[in-house]
Amino acid sequence: MSPRLEIRLDRIVENAGTLVGRLGARGIAVCGVTKATQGSPAVAGALLAGGVGSIGESRIENVEGLRRGGVTAEVMLVRGPMLSQVDRVVASADVSLNSELAIIEALSSAAAAQGRTHGVVVMVELGDLREGVMPSELPGFVERVMALRGVTLRGLGTNLACQSGVVPDATNMAELTELVVGVEARFGLALDLVSGGNSANLGWALDGANDVGRINHLRLGEAILLGCDPLDRAPIEGLHTDAFHLMAEVIESKRKPVRPRGSLGQTAFGTVTTGQLLETGDAVEMMNRVIVGLGRQDVELAGITAPPGFGVLGSSSDHLVLDGGVEPAAVGAELGFGVDYAALLRAMSSPSVTRSFLWGPARER
Ligand SMILES: *Cc1c(COP(=O)(O)O)cnc(C)c1O
């Protein structure tokens, strides 16, 4: 089936294991985040086989899918629960990241009604301006959470680098540690979980010059799945960057002119071709042009990398046109494309892209 995402689970296991090892040496546990894979139980299994302590997911329907898929490990809902979904959250997730008292109160009632205990991590806003309680409001907030039955305050967390691109550093991480110490002293408790952030925290966490303070937990998706640092998308040393390949089939392969001819208006997606047109009487320069059965309906094409020897020339809803290089591709051949985070997310959520999970190299096609 094509287009198809080939997912090398063995590479995900290895990436998870490598980061679990490096962070373990710094006293930091890893929650493996499956949200870019729509909560794939197979990917969750690979993360757990690599040694992550828990699974993170952003959507309750995906958490439910993980449970149906047999995942029994601790699952953390990494997006704040919706008020309308608290019953489902308490039923399927063990812990959630929270920043609204009304929602924690609803989680508390739901947990009490279900005879369960739900873990709450209070998110603190440390500069990136997405979710989180303002630090000045934290003590009052914590006091109210502690008074609720059915929920336990598991700890504090923060999330940077997503909304504004604020880099996790010694300053904001020390601020989180200070808040933890302050809350513990004020309320005479010990917080077991201090979740410093996501894949963008790795540079800070693995730099021996930084004191990790009280941070003992990170929630990692992209770094494990794609092997790169989301701050600059550079590959992380020692990790596989090719656990995911988008496979698509060649539907046309021909020698054609390099330059279009005729008069030009907008393309299918509103751009205008620049460069020289082919005029009558010009010498016709030819090239190998390949069309692949892949389009904007399937994937974020800006986020794919053509296989070696090919270059992307353009795309529309269902066609991807490639510079075929010197060696003409055969019709029916499959080409494998690399994906970035945006492309992975789109391909995983596209009904037209199938998935194939592999534990080693694909068979010869
Ligand atoms: C998505 C998300 C993560 C994981 O982010 P990566 O960059 O994929 O590591 C962690 N925490 C929260 C709150 C998230 O929304």
Subject >> Estimated distance in nm for a label pair at T152 and S356, the labels positioned 7 Å out from Cα along Cα-to-Cβ >> reply: 4.5 nm
Subject >> 222 nm mean residue ellipticity, helices alone, for the chain (DSSP H n ≥ 4; -39,500 (n - 2.57); rounded to 500) >> reply: -8000 deg cm²/dmol
Subject >> Loop-located chymotrypsin sites (Phe, Trp or Tyr not before Pro) in the stretch 324-365, at most 15 other Cβ atoms within 10 Å (DSSP) >> reply: W359
Original post:
With charges only on Cβ, +1 for K and R and -1 for D and E, what is the dipole size of the stretch 1-128 about its Cα centre, in debye, rounded to 20?
Top reply: 360 debye
Original post:
So for the stretch 224-365, what percent of the C-alpha to C-alpha distances run longer than 25 Å?
Top reply: 37 percent
**OP:** Over the alpha-carbon set of the stretch 107-186, work out the extent along each principal axis and list the three values in angstrom, largest first.
**Re:** 41, 28, 16
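Decide, for the stretch 56-161, between rounded, prolate and oblate: order the square roots of the alpha carbon gyration tensor eigenvalues as a ≥ b ≥ c, take rounded if a/c falls under 1.5, and otherwise choose prolate if a/b is larger than b/c, else oblate.
oblate
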Original post:
Taking the Cα atoms of the stretch 1-119, what is the range of coordinates along each of the three principal axes, in descending order and whole Å?
Top reply: 43, 42, 22
Original post:
Just going by the charge dipole of the stretch 229-365, with Lys and Arg at +1 and Asp and Glu at -1 on Cβ, which of H245, L277, A306 is farthest out on the positive end?
Top reply: L277
**OP:** Starting from the Cα of H319, step 7 Å toward the Cβ, then list every residue of the stretch 266-281 with an amide N under 11 Å from that point.
**Re:** 268
Original post:
Relative contact order for the stretch 166-216: what is it in percent, counting Cα pairs under 8 Å that are at least 6 residues apart?
Top reply: 53 percent
Original post:
Taking the Cα centre of the chain as the origin, how large is its charge dipole in debye, to the nearest 20, when only Lys and Arg (+1) and Asp and Glu (-1) carry charge on their Cβ atoms?
Top reply: 820 debye
Original post:
Dividing the Cα convex hull volume of the chain by residue count, how many Å³ per residue is that?
Top reply: 159 Å³
Original post:
Taking other Cβ within 10 Å of each residue's Cβ, how do F269, F141 sort, fewest first?
Top reply: F269, F141
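Classify the stretch 315-365 as rounded, prolate or oblate, taking a ≥ b ≥ c as the square roots of the eigenvalues of its Cα gyration tensor: rounded when a/c is under 1.5, otherwise prolate if a/b is larger than b/c and oblate if not.
oblate
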**OP:** Using a 10 angstrom cutoff on alpha carbons, build the Gaussian network for the chain and name the most mobile of R255, R88, R26.
**Re:** R255
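Just so you know, all these numbers are worked out from the coordinates, no wet-lab data involved. Bear in mind that the values here come from a model prediction, so they are computed numbers and not experimental data. Every residue, glycine as well, gets a Cβ built from its backbone with ideal geometry; the counts of neighbours run over all protein chains shown.
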